[in-house]
Structure formats: structure tokens, C-alpha cells
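Have a look at the structure below before the remarks.
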Amino acid sequence: MTNLPEPAGPSGRPEMRASDADRERIAHVLREAAGEGRLTLEELDERLDAVYAARTYAELEPITRDLPDPGAAASPARPPGTDFRPVDGAPSWRGGIGIMSGFRRGGVWNVPRRFTAFTFWGGGKIDLREARFAEGGTTIHALAVMGGVEVIVPDDLTVHVKGIGIMGGFDQRASGPGAPGSPKVVVRGFAFWGGVNVRRRARKQDKRLRKEARRREAAEIEGTDPP
């Protein structure tokens, strides 16, 4: 029996199955477009839902058709001076437990290859904006039962969120590529009557650099020297 080619999609290529990496690339394009004011937050949420529900390239292509050059979108640039190497003497934790209480892991700390978080009627916060990584990345196993776990990552890290929520939430919108050579953060786990939220937030130094850049641009437009 002769094998027939699969039907072609809108772009003329076969109806191939999309991978996690393909969906994350499109999600990154959408977040960039929202940051530039091309999409509203409501439109961003709607399109991200469509991205993670897509199974083929044909279903992904229309999502960014009205946005500039989605296929050539670059990964976030690594901020100048960013150093992911471990720091001697910095604290390191292999996990956090919040049972009718809470825990926080943040600041400059050395992240292990595997980190486990558990909350029950409590909460936990894992802040990776100033974190250092010994082995190129980490896998966070989060279990939230009638509680919550918040994971904060900077824009230049690669993030894969693969958890499951039952009568709860496991937010996957932060998934996406990072700067070349940056650590990879994988968030797995389970939320039951609780939530695991993974959010991207800029580092303090990045916010300061962006603020200074906006001041310089405003000064150039007005024809004055920046303060």
C-alpha cells in the first residue's frame, strides 16, 4: 500500500504535530506583542489558551498572523552583567514546606538541581530573580493542597511548566524560551484546591536600566540633556 502525504495546511506544509517548544515559541511572541501594546491582556489570555490547546502547526499559525515577523522573533537578550554561577557562602535549600504557615526562598541563593515545595493550608514563594544555578538549571516539584506556591522567574530564563491542577490552578503562561546559555527551570507538580503560579518579573537592575533608557529617550525627543 502506497503511503499518501498528509493534507497541507494554510502555509502549504503538512499537518505536522506541534511540539512543546513550538507552543512556547509562539507564547513568547504573544507576550512580547502584549508588552509592546499590540495586544490587550484579554487578547493575550485568549491567544495563550489557543496556543496550549493547539495540536498542529496549522492551528498555531493563525494565532500570530497579524503580528510582525513571529517566525523570526528572537529570544530575550541576556542582561549585561548577569551571572548565573554559584556564590560561595550563599544559602541553598532543597525544598520548602508551608503547613498552615508559609516559606520564602529568595535573594542571592544557590539553587539545587531539584527543589521540592509542599503547601497545605499555607503558601510558599520561590524567587529566582537573583538565584544562581550550579548545573545549568533546576526542576521544581510543587504540590499545593488547599494552599499556594508562587514561582518568580526573570525574563531571560527558559521556563517549562508541566503541572496539573484539579479544582485548582497550575498556570502555564510563563512557559517560554530564555536567552542563549541561560539556565532552564522546569516546574512540575500538582495543585488540588490550591494553585501554583509561575510569573515572569524583571530584576531590580533590569527595571533600573529600562527606566534610565526611557529617560534618555525622552530627553532626546525633547532635545535636552538627561538628568
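The values are calculated or read from the model by the stated rules, or taken from the named source; none is laboratory data. Computed from a predicted structure; not experimentally measured. Heads up, the Cβs are rebuilt from the backbone with ideal geometry, glycines too, and the neighbour counts pull from every protein chain shown. With ligands, DNA and RNA removed, areas are computed over all heavy atoms of the protein, side chains included. Shrake-Rupley method; radii C 1.70, N 1.55, O 1.52, S 1.80 Å.
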Looking at this structure, is THR56 at pLDDT 80 or above, over 28 Å from PHE192 (Cβ atoms) and touching a helix residue (DSSP H, G or I) at 6+ places or on another chain (Cβ under 8 Å)?
no
ARG85 vs. criteria at pLDDT 95 or above and either on the phi > 0 side of the Ramachandran plot or open to solvent by 60 Å² or more (accessible area, probe 1.4 Å) (or both):
no
Does region 15-70 hold any residues that are aliphatic (A, V, I, L, M), over 22 Å from ARG200 (Cα atoms) and exposed (fewer than 14 other Cβ atoms within 10 Å of the Cβ), and which are they?
MET16
Inside region 96-142, the number of residues satisfying the requirement of being part of a strand (DSSP E or B), more than 17 Å from VAL185 (Cα to Cα) and either of a type in the set (Val, Ile, Thr) or in contact with a Ser or Thr (Cβ under 6 Å, 6 or more places away or on another chain) (or both) is 4
Of the residues that sit in region 102-144 and are hydroxyl-bearing (Ser, Thr, Tyr) and surrounded by 19 or more Cβ atoms within 10 Å (Cβ to Cβ), which one is farthest from VAL196 (Cα to Cα)?
THR138
Would you list the strands (runs of 3 or more DSSP E) that sit entirely within region 145-227 and hold 3 or more residues that are surrounded by 14 or more Cβ atoms within 10 Å (Cβ to Cβ) and modelled with pLDDT of 85 or more?
148-153, 158-161, 184-192, 195-200
Restricting attention to region 150-184, which residues are of a type in the set (A, V, I, L, M) and either within 23 Å of ALA134 (Cα to Cα) or in contact with a Pro (Cβ under 8 Å, 6 or more places away or on another chain) (or both)?
VAL151, ILE152, VAL153, LEU157, VAL159, VAL161, ALA174, ALA179
List the number of the failed condition for SER75; all other conditions in (1) surrounded by 11 or more Cβ atoms within 10 Å (Cβ to Cβ); (2) at pLDDT below 75; (3) in a helix (DSSP H, G or I) hold.
(3)
Which pairs have Cβ atoms under 6 Å, sit 6 or more apart or on different chains, and link a residue in region 1-30 that is modelled with pLDDT of 50 or more to one that is surrounded by fewer than 11 Cβ atoms within 10 Å (Cβ to Cβ)?
GLU15/PRO7
Do any residues in region 101-112 that are closer than 17 Å to LYS204 by Cα have Cβ atoms under 8 Å from those of residues that are of a type in the set (S, T, N, Q), where the two are at least six apart or on different chains, and which pairs are they?
TRP109/SER92
